[in-house]
1. Setting aside same-chain residues fewer than 8 positions from Lys73, which lysines have a Cα under 23 Å from its Cα?
2. Once you place label points 7 Å from the Cα toward the Cβ at Trp45 and Ser114, how far apart are they in nm?
3. Thr88 accessible area, nearest 10 Å², 1.4 Å probe?
4. Once Rh for segment 52-106 is found with the Kirkwood sum over Cα pairs, what is the Stokes-Einstein diffusion coefficient at 20 °C and 1.002 mPa s, in µm²/s?
5. Quick one: with all protein chains in place, what share of the accessible area of segment 35-95 is carbon or sulfur, to the nearest percent (1.4 Å probe)?
6. In Å², and per residue, what accessible area does segment 46-89 have when probed at 1.4 Å with the other protein chains present?
7. Could you give the length gained on full extension between Ser54 and Ser19, defined as 0.36 nm per residue of separation minus the Cα-Cα distance, in nm?
8. For the chain, count all C-alpha to C-alpha pairs, find those more than 26 Å apart, and express that count as a whole percent of the total.
Amino acid sequence: QLQASGGGLVQAGGSLRLSCAASGVIFGTDVMGWYRQTPGKEREWVASAGSSGSTNYADSVKGRFTISRDSAKSTVFLQMNSLKPEDTAVYHCNLQRVVGGYTFWGQGTLVTVSS
């Protein structure tokens with residue numbers, strides 16, 4: 001189970017930090033990440049982090065967002081700086097389990113950036 005938190009309303013240029021805690025066993029090969037979705041659009045990948053510390057970002061957020069995981073590798077964070085109105089979306093955390101090929105989703109958390 002994935003539990004996300006940290007969304008809210010912020011002015012353009014501001015910052016927010018999202019958190020997502022995974023319960024249960026975490027495998028060393030699990031990759032955790034964030035996606036976002038706005039009404040009428042496909043869910044969009046934002047960033048992902050492997051347990052080894054590797055990170056990847058969508059071009060639209062590179063240089064503004066930072067993804068990280070805690071030392072237990074069971075919580076993933078998304079530090080969002082220099083937010084833009086186009087970052088407004090419901091953000092969903094995600095865990096991809098290579099072992100068995102499973103994908104888990106957390107409930108969304110709404111981020112609203114006002115201009």
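1. Within the straight-line limit of under 23 Å, Lys73 reaches these lysines: Lys62.
2. 3.5
3. 40
4. It comes out at roughly 165 µm²/s.
5. The value for segment 35-95 is 48 percent carbon and sulfur by accessible area.
6. Per-residue value: 44 Å².
7. Result: 10.8 nm gained on full extension.
8. Everything past 26 Å amounts to 14 percent.
The values are calculated or read from the model by the stated rules, or taken from the named source; none is laboratory data. Note that the structure is a prediction, hence the values are computed from the model and not measured. Cβ coordinates were reconstructed from backbone atoms using ideal geometry, including for glycine residues, and neighbour counts include every protein chain displayed. For the accessible areas, the whole protein counts, side chains as well, though only heavy atoms, and no ligand, DNA or RNA atoms are used. Shrake-Rupley method; radii C 1.70, N 1.55, O 1.52, S 1.80 Å.
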